[in-house]
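Peer 1: Attaching a single structure in structure tokens format; questions to follow.
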Amino acid sequence: MHGIAQGSEMTDTGNEVDLSYRDASLPVAERVEILLGQMTLPEKAGLFFQTMITMGADGSLTDGDPVFGLPSTDEYVNGRLMNHFNILTAAPTPEAMATWHNRLQELAASTRLGIPVTVSTDPRHSYSDNPLAGLSAGCFSVWPEPLGLAAIGDEAVVERFGDIARQEYTAVGIRVALHPQIDLATEPRWSRQLQTFGEDVELTSRLGAAYIRGFQGRELGADSVATMTKHFPGGGPQLDGEDPHFAHGREQVYPGGQFELHLKPFEAAFEAGTSQMMPYYGMPIGTELEEVGFGFNKAVVTGLLRERYGFDGIVCTDWGLINDAAIMGAPFPARAWGVEHLSPRERMVKVLAAGCDQFGGEACPELLIELVESGEISEERLDVSARRLLREKFVLGLFDRPFVEVARASAVVGAPEFVAAGLAAQRASLTLLTNRAYGAGESVLPLGTGRKLYVEGIDSAVAGRYGTVVGEPGEADVAILRLQAPWEQRPTMFENFFHSGSLDFADDVVAHVREVAAVVPTVLDVFLDRPAILTPFVDVVTAIVANWGASPTALLDVLTGVDQPQGSLPFDLPSSMAAVEANLPDVPFDTAEPLFRFGHGLRYASAG
């Protein structure tokens, strides 16, 4: 029996608890065994579920969330004995988030064993606004999306971003990043490209590893944020570019035979020491693998991830594989692709048999308890994953320092130097695609300041700091129009967060740009969350800039010459939808005669 270095205490039920697992001088493996040996089946089961949670605007614990059908925080912690949560709320202030975190940890500390909570988050350092993919930055420093970091292409910048995000996350108690996303964006229509590093395997591998080093450090420890790298074994080759959040996008295909290529970025992630891994929703079609979603796929999770690559970190499924749900009032079926016919309990058995450790987006430990009590799952199988889940809590120092300092959170999150670094990265990511000559043979960019500007998509007050804003194109020296890459409306509100479908701009948008460009030299800035078809604009507008999340200030700084455009395309830009439709979705750089190639990006010393 281990010595009780930290003593023992009597619980409300009269049971004595050996508290020596709180002794930081003991090896982590020993602390894990001391704690695991005392855990009841319900306490073990609670470890296996990580789901969404919300906070009050003032940092209070909530009574649930009707939009996402979430129960109260007390029900999660005391009722279901859960201690892994994905914070869904955009933080109004650092103080509020830090206060919420401490209240959550206080609630967890009141349970029998006092197991601290691990808080995770989707990306929250950009302008994204998708409740299940990326949250807007709020009070955090604002950076370009990962595609923008790829446009910069500098490992040092990516690692610096990761380190800043790590400091901001840990200041408010977030200890797991549900990212990076290192899928290869080989299908131009795919709606999840924005959080990738683009189409090139070498660039994605380099930057993905740098991202992990920035968040975790050289090894995982008490000051780290653990990275849940996704989506193993690569989520890019989606049939017709549709996303497997939805049934019509469940099929992942490899007509070009490039399954192995999509594993390469994950090999770099293993080398960098990523702590966790998330398999994707998609089900492989036309391979030797079982045609079920990757989270259910034993050949992928155990065969590839565990055995071939020797990965012994946490494997957490993508969100919502077991139970149907409703989001924003609309039905949202479980992403149980290939096993739709199985019951929730049968799906749970298959996920554990595949080798996963945790159920993302689920909160039903009672079902796991039933499976163990019925003999369908052994408690020894639970112990294998429980050890991994507890080990990470100890390594991250959560048992030793569960609380954060509210005053420090205020000083760290959104610190001026972090905000400045994010703005510099926004400017650096801007990618100049064309810059035609006009007038006396000069390129339109840089504009300089003091011109008469006609703007669309830019606040007039911001533009007014760079020139005189006028109300009609005919009154201007130059027009600046901001557009977003096109996408097709889908039936549900939630689905429209995932931009899918044709990459062609609507006829009325093309006509409007042409109308303005016929009157005045026009600069077109396009947010390329997907590689839009820019062919209708190339010979019409005077300059085209691609952005991946940049404020109007960042854009105007570059357009007026305060800074240089430094970005290069992280993927090919196709010339037509016909070329996109003929593309093999698992093969990079496969669209015929692209309009602009990967790596293209002009500087002000050149024209194009």
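Peer 1: Going from most exposed to least, what order do 232, 598 have by accessible area with a 1.4 Å probe?
Peer 2: 598, 232
Peer 1: For residue 264, go through the aspartates and glutamates and keep the ones whose alpha-carbon is under 14 Å away, minus same-chain ones fewer than eight residues off.
Peer 2: Result set, ordered by chain and number: 183, 199, 200, 202, 586.
Peer 1: Write down the accessible area per residue of the chain in Å², having rolled a 1.4 Å probe over the full set of protein chains.
Peer 2: About 35 Å² of surface per residue is accessible.
Peer 1: Could you state the number of Å between the C-alpha centres of the stretch 59-114 and the stretch 398-450?
Peer 2: Taking the Cα centre of each part, the stretch 398-450 and the stretch 59-114 sit 32 Å apart.
Peer 1: For the stretch 465-608, what D do you get in µm² per second when you plug the Kirkwood radius from alpha-carbon pairs into Stokes-Einstein at 25 °C and 0.890 mPa s?
Peer 2: 148 µm²/s
Peer 1: Go through the stretch 392-453 and name the GluC sites (Glu not before Pro) that are in a DSSP coil and have 16 or fewer other Cβ atoms within 10 Å of their Cβ.
Peer 2: When the GluC sites (Glu not before Pro) of the stretch 392-453 are filtered for loop state and at most 16 Cβ neighbours within 10 Å, 405 remain.
Peer 1: A further question follows. Quick check: net charge around residue 335, other residues with Cβ under 12 Å of its Cβ, Lys/Arg +1 and Asp/Glu -1?
Peer 2: Result for the local shell: -3.
Peer 1: Starting from the Cα of residue 451, move 7 Å in the Cα-to-Cβ direction to define the label point; list residues of the stretch 552-590 whose amide nitrogen is under 15 Å from there.
Peer 2: Of the residues in the stretch 552-590, 555-563, 565 have backbone N under 15 Å from the label point off residue 451.
Peer 1: Give me the percent relative contact order of the chain, please, defined on Cα pairs under 8 angstrom at least 6 residues apart.
Peer 2: 16 percent
Peer 1: With the full set of protein chains in place, find how many percent of the accessible area of the stretch 459-545 is carbon and sulfur; take the probe as 1.4 Å.
Peer 2: Accessible surface attributable to carbon and sulfur in the stretch 459-545 totals 52 percent.
Peer 1: Working out 0.36 nm times the residue gap between residue 111 and residue 577, then minus their Cα-Cα distance, what length gain in nm do you get to one decimal?
Peer 2: Fully extending the segment from residue 111 to residue 577 adds 162.1 nm.
Peer 1: Report, in degrees rounded to the nearest 10, the 0 to 90 angle that the Cα long axis of helix 201-216 makes with the longest principal axis of the chain.
Peer 2: Tilt of helix 201-216: around 50 degrees.
Peer 1: Moving on to the next point. Run the accessible area of the stretch 384-444 with a 1.4 Å probe and give the carbon-and-sulfur part as a rounded percent.
Peer 2: Roughly 56 percent of what the probe reaches on the stretch 384-444 is carbon or sulfur.
Peer 1: OK, next. Probe 1.4 Å, all protein chains in place: accessible area of residue 40 in Å², nearest 10?
Peer 2: Residue 40 exposes around 60 Å² with every protein chain in place.
Peer 1: Expected output is a single nm value to one decimal: the length gained when fully extending between residue 29 and residue 408, i.e. 0.36 nm times separation in residues minus the C-alpha distance. What is it?
Peer 2: Result for the pair: 133.3 nm of gain on full extension.
Peer 1: Express in whole angstrom the spacing between the alpha-carbon centres of the stretch 282-325 and the stretch 200-237.
Peer 2: Going from one Cα centre to the other spans 19 Å.
Peer 1: Before anything else, pin down the relative contact order of the stretch 192-266: Cα pairs under 8 Å, at least 6 apart, normalised by residue count, whole percent.
Peer 2: 30 percent
Peer 1: Let me ask something additional. Evaluate 2.2 N^0.38 Å with N set to the residue count of the stretch 389-473, then give the Cα radius of gyration divided by it.
Peer 2: Dividing the Cα radius of gyration by 2.2 N^0.38 Å gives 1.95.
Peer 1: May I pose another question? At 1.4 Å probe size, put 298, 393 in order of accessible surface, largest to smallest.
Peer 2: Final ranking, largest accessible area leading: 298, 393.
Peer 1: May I ask for the net charge around residue 391, where only other residues with Cβ less than 10 Å from the Cβ of residue 391 are counted and Lys, Arg are +1 while Asp, Glu are -1?
Peer 2: Taking every other residue near residue 391 into account, the sum is +2.
Peer 1: Sort the following peptides by mean Cβ neighbour count (other Cβ atoms within 10 Å, averaged over residues), highest first: 144-153, 420-429, 446-455.
Peer 2: Going by the mean number of other Cβ atoms within 10 Å, highest first, we get 144-153, 420-429, 446-455.
Peer 1: On to the next question. With equal scatterers on the alpha carbons only and no solvent term, can you work out the Debye log10 of I(q)/I(0) for the stretch 24-158 at 0.11, 0.14, 0.16, 0.18 1/Å?
Peer 2: Log10 of I(q)/I(0), two decimals: -0.51, -0.76, -0.90, -1.02.
Peer 1: Now for a different question. To test your reading of the geometry: what angle, between 0 and 90 degrees and rounded to tens, separates the Cα axis of helix 507-517 from the longest principal axis of the chain?
Peer 2: Compared with the principal axis, the helix lies near 50 degrees.
Peer 1: So what is the diffusion coefficient of the stretch 260-319 in µm² per second by Stokes-Einstein at 20 °C and 1.002 mPa s, using a Kirkwood Rh over Cα pairs?
Peer 2: My calculation gives 179 µm²/s for D.
Peer 1: Hey, got the dipole for the chain? About the Cα centre, +1 on K and R Cβ, -1 on D and E Cβ, debye to the nearest 20?
Peer 2: Here the size comes out at about 1020 debye.
Peer 1: From the gyration tensor of the Cα coordinates in the chain, what semi-axes in whole Å does the equivalent ellipsoid have, largest first, with each one equal to sqrt(5λ)?
Peer 2: One finds semi-axes of 45, 27, 20 Å for the chain.
Peer 1: What does the charge count near residue 69 come to, summing +1 for each Lys or Arg and -1 for each Asp or Glu among other residues with Cβ under 15 Å from its Cβ?
Peer 2: -4
Peer 1: Let me ask another. In the chain, what percentage of the DSSP-assigned beta bridges are antiparallel, given to the nearest 5?
Peer 2: Taking every DSSP beta bridge with both residues in the chain, the antiparallel ones total about 30 percent.
Peer 1: Tell me, what is the 1.4 Å probe accessible area of residue 81, in Å² to the nearest 10?
Peer 2: 50 Å²
Peer 1: Would you kindly find the accessible area of residue 74, with a 1.4 Å probe and non-protein molecules such as ligands, DNA and RNA excluded, rounding to the nearest 10 Å²?
Peer 2: My reading of the accessible area for residue 74 is about 80 Å².
Peer 1: Evaluate E = 1/(1 + (r/R0)^6) for residue 420 and residue 477, where r is the Cβ-Cβ distance and R0 equals 30 Å; express this FRET efficiency to the nearest 0.05.
Peer 2: 0.50
Peer 1: How far is helix 344-354 tilted, in degrees, relative to the longest principal axis of the Cα atoms in the chain, given as a value from 0 to 90 rounded to the nearest 10?
Peer 2: Tilt of helix 344-354: around 90 degrees.
Peer 1: May I pose another question? Report the percentage of all Cα-Cα pairs in the stretch 221-261 whose separation exceeds 11 Å, rounded to a whole percent.
Peer 2: Value for the stretch 221-261 (Cα pairs over 11 Å): 70 percent.
Peer 1: Say a paramagnetic label sat at a point 7 Å from the Cα of residue 603, along Cα to Cβ; which residues of the stretch 443-465 have their backbone N under 20 Å from it?
Peer 2: Taking a point 7 Å out along Cα→Cβ of residue 603, the residues of the stretch 443-465 whose backbone N falls under 20 Å are 443-448.
Peer 1: Report the extension gain between residue 459 and residue 493 in nm, rounded to one decimal, defined as 0.36 nm multiplied by the number of residues separating them, less their alpha carbon distance.
Peer 2: Taking residue 459 through residue 493 to full extension adds about 9.6 nm, to one decimal.
Peer 1: If you don't mind, another one. Along the Cα→Cβ direction, 7 angstrom out, place labels at residue 378 and residue 564. What is the inter-label distance in nm?
Peer 2: Spacing of the two 7 Å Cα→Cβ label points: 6.3 nm.
The values are calculated or read from the model by the stated rules, or taken from the named source; none is laboratory data. What you see is a predicted model; the values in this text were computed from it and never measured. Positions of Cβ are generated from backbone atoms using ideal geometry, with glycine treated the same way; all protein chains shown enter the neighbour counts. What goes into the accessible areas is simple: the full protein's heavy atoms, side chains included, and nothing from ligands, DNA or RNA. Shrake-Rupley method; radii C 1.70, N 1.55, O 1.52, S 1.80 Å.
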